[in-house]
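Here's the structure we're looking at; comments come further down.
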Amino acid sequence: MIDLGALTLEWGSMLFQFIAFLILLVIVRKFAVGPVTKIMETRRQNIASEIEAAEKNRKESEGFIAEQRRLLDEARQETKAILERASKQAQDEEARIKHEALEAAARIKAEATAEIARETEKAKEELRKQMAGLSVMLASKIIEKELDEATQKETIDQFLKQVGDRL
Amino acid sequence: MLTAFAQIKRYNKEYVFLIEQYACNTSISERGEHIVDHFTYRFQLGPLVFDLATIIMIVVTALVVFIMLVAMTRNLTAGVPRGTQNVLEWIVDFVAGIVRSFMDTKTAARFVTLAVTLFLYIILGNWLGLAFNVLTVHTPDNTSSEFIHQLAISSSDQATAAREAKIMNAFEDHSVHVAWWKSPTATASVTFTLALTVLLYSQWIDIRRVGVGKYFKHFLNPIHLLEELVIKPLTLPLRLFGNIFAGEVLISFLLSASIFISTIPLIIWLGYSVFVGAIQAYIFTTLTMVYISQKLSDGH
């Protein structure tokens, strides 16, 4: 051994320390570094695969979202087209109905006018008939009463005037 | 031979236990005298000298590391780590981070075990000596000459005789203290062994990489020769040994002083020593990786 007072090197102690250190190396490898390294590696791989899966899912969802957005746009355009078409149809319908209504009104008016003319004509005819009857009646009454010429004339004038006013 | 009593003091919340054992015939008043000069029990097997305190502490430290790791790895999961697994993963990741800062990740994986072992062994070794001291106090009445001889074993017969004389001399004015518990890293044998092991390993990596002929050609450069054979093998172990040994010397010194004077400096110094213990473990591990990484490329 080497003895320098406080600093001593005993070969026996050194040999013992060397062997103890080698044994300790084996133990540390077996109980600590080995298993811990393995577990940390496993965890690293787990995390890596999970991140990868998450990334994949994210990409997939992005695809889905784009698809959904496209479909939504399509639907919106379709809706717009449908609405436009419906609106145009409604306008056409409106125009058609208005036109028909006007036509109908005109027809009804014409019919009514014709009816009125016809009725007027009919009334005149009736009147003429009544007037003739009345004239006969008047004539017979005058005859019955033997009215003088003047009175007769006056009566006839009066009558004709009455008729003229009514017509 | 020895009867002992343990004195446990609790300092605030630090829970620092100081166990000091005394021979029953040692009076308290004697404590405080000449305590800094500690002896250790040595024995010889063939040509090899062993230091019992060092061997005890090597075994204790290795066992602490072992038990700690077994306790921490009982329920490992690749899912969300809980409790001690977090601590263990943090330690492994921290040390692996040191290794990775000097080499690429794939190469670093080869040296993580070495770095973790060094780091845990040194940091726990540094701290174990701070937890408490175990000393036996010897007087001529309770000490046999065989025991004194064991304390005195040294490099040569003359040196042993000189140490024996020194111990007998010490008995004349005070008792002799024998340490049984200290930081393993406060022992030069331990730090030199760790340092030489990793340095030889780095040389081996170099030989395997460049081949024997080219490897020895390196040493034609005197600066290189000096660096590899003198500077690195001396600075790496001595830095660790010096820091921890000095810390323990100061702790023994403070323990030997009056409790009223030394308590507060002791707490401060123990706290600082915890810091130094961690820093030295970090430095030793880092430098080991620097030296290894130098051998992994032609860069230097």
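Computed from the coordinates by the stated procedures, all read-outs in this text should not be read as laboratory data. As the structure is a prediction and not an experimental result, all values here were calculated from the model. For neighbour counting, all protein chains shown are included, and Cβ atoms are generated from backbone atoms with ideal geometry for every residue, glycine included.
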Seminar exercise, completed: Phi angles of the range B:221-231, converted by Karplus (6.51 cos²θ - 1.76 cosθ + 1.60, θ = phi - 60°) into ³J(HN,Hα) in whole Hz with x for Gly and Pro, give 7, x, 4, 4, 4, 4, 5, 6, 9, 10, 5
For this session: Please find, in a Gaussian network model of chain A (springs between Cα atoms separated by less than 10 Å), the residue of A:ALA110, A:ALA150, A:ALA101 whose mean-square fluctuation is greatest.
Result: A:ALA150
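Would you please name the chymotrypsin sites (Phe, Trp or Tyr not before Pro) within the range B:170-260 that are DSSP coil residues with at most 13 other C-beta atoms within 10 Å of their C-beta?
Values: sites: B:PHE171, B:TRP180, B:TRP181, B:PHE192, B:TYR201, B:TRP204, B:TYR215, B:PHE216, B:PHE219, B:PHE241, B:PHE245, B:PHE253, B:PHE260; in loops: B:PHE219.
Listed in order of number, the matching sites are B:PHE219.
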Problem set entry | In degrees, nearest ten, helix B:232-256 long axis to first principal axis of chain B (Cα) | 30
Exercise. In nanometres, what is the gap between the two model label sites at A:LYS122 and B:LEU45, each 7 Å from Cα along Cα-to-Cβ?
Worked result: 15.3
For this session: Holding the Cα-Cα limit at 32 Å, pick out from A:LYS124/A:LYS145; A:LYS30/A:LYS56; A:LYS30/B:LYS232 the pairs that are longer than that.
Result: A:LYS30/A:LYS56
Exercise. Too long at a 26 Å Cα-Cα cut-off: which of A:LYS38/B:LYS182; A:LYS122/A:LYS161; B:LYS182/B:LYS295?
Worked result: A:LYS38/B:LYS182; B:LYS182/B:LYS295
Exercise. Build a GNM of chain B with springs between Cα atoms under 10 Å: which of B:PRO47, B:PRO222, B:PRO265 gets the top mean-square fluctuation?
Worked result: B:PRO47
Problem set entry | Value at 222 nm in deg cm²/dmol, rounded to 500, when DSSP H runs of n ≥ 4 in the protein assembly as shown each add -39,500 (n - 2.57) | -25500 deg cm²/dmol
Exercise. What number, in percent, do you get for the relative contact order of chain B if the mean sequence gap of Cα pairs under 8 Å and at least 6 apart is divided by its residue count?
Worked result: 25
Problem set entry | For the range A:59-74, Karplus couplings with θ = phi - 60° (6.51, -1.76, 1.60), whole Hz, Gly/Pro x | 4, 4, 4, 4, x, 4, 4, 4, 4, 4, 4, 4, 4, 4, 4, 4
Exercise. At a Förster distance of 56 Å, what's the computed FRET efficiency of A:ALA90 paired with A:ARG58, Cβ-Cβ distance as r, to 0.05?
Worked result: 0.75
Seminar exercise, completed: Here the longest stretch of chain B that holds no trypsin sites (Lys or Arg not before Pro) in a DSSP loop having at most 16 other beta carbon atoms within 10 Å is B:83-300
For this session: Can you spot the aspartates and glutamates whose alpha carbon is less than 16 Å from B:LYS106's alpha carbon? Ignore those fewer than 8 places along the same chain.
Result: A:GLU41, B:ASP93
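In whole angstrom, how long is each semi-axis of the equivalent ellipsoid of the range A:30-166, when you take the square root of 5 times every eigenvalue of its Cα gyration tensor and sort them from largest down? Show your work: numbers first, answer last.
Values: eigenvalues 2672, 31, 13 Å².
That gives 116, 12, 8 Å for the three semi-axes.
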Problem set entry | Anchor A:LYS109: aspartates and glutamates whose Cα lies under 20 Å away (excluding residues fewer than 8 positions away in-chain) | A:GLU100, A:GLU119, A:GLU121
Exercise. Among the lysines, which fall within straight-line cross-link reach of A:LYS141, defined as a Cα-Cα distance under 17 Å, with same-chain neighbours fewer than 8 residues apart omitted?
Worked result: A:LYS153
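Rounded to the nearest 0.05, what FRET efficiency do B:THR139 and B:TRP204 give with R0 = 51 Å and r taken as the Cβ-Cβ distance? Could you check?
Values: r = 50 Å, r/R0 = 0.98.
Calculated transfer efficiency: 0.50.
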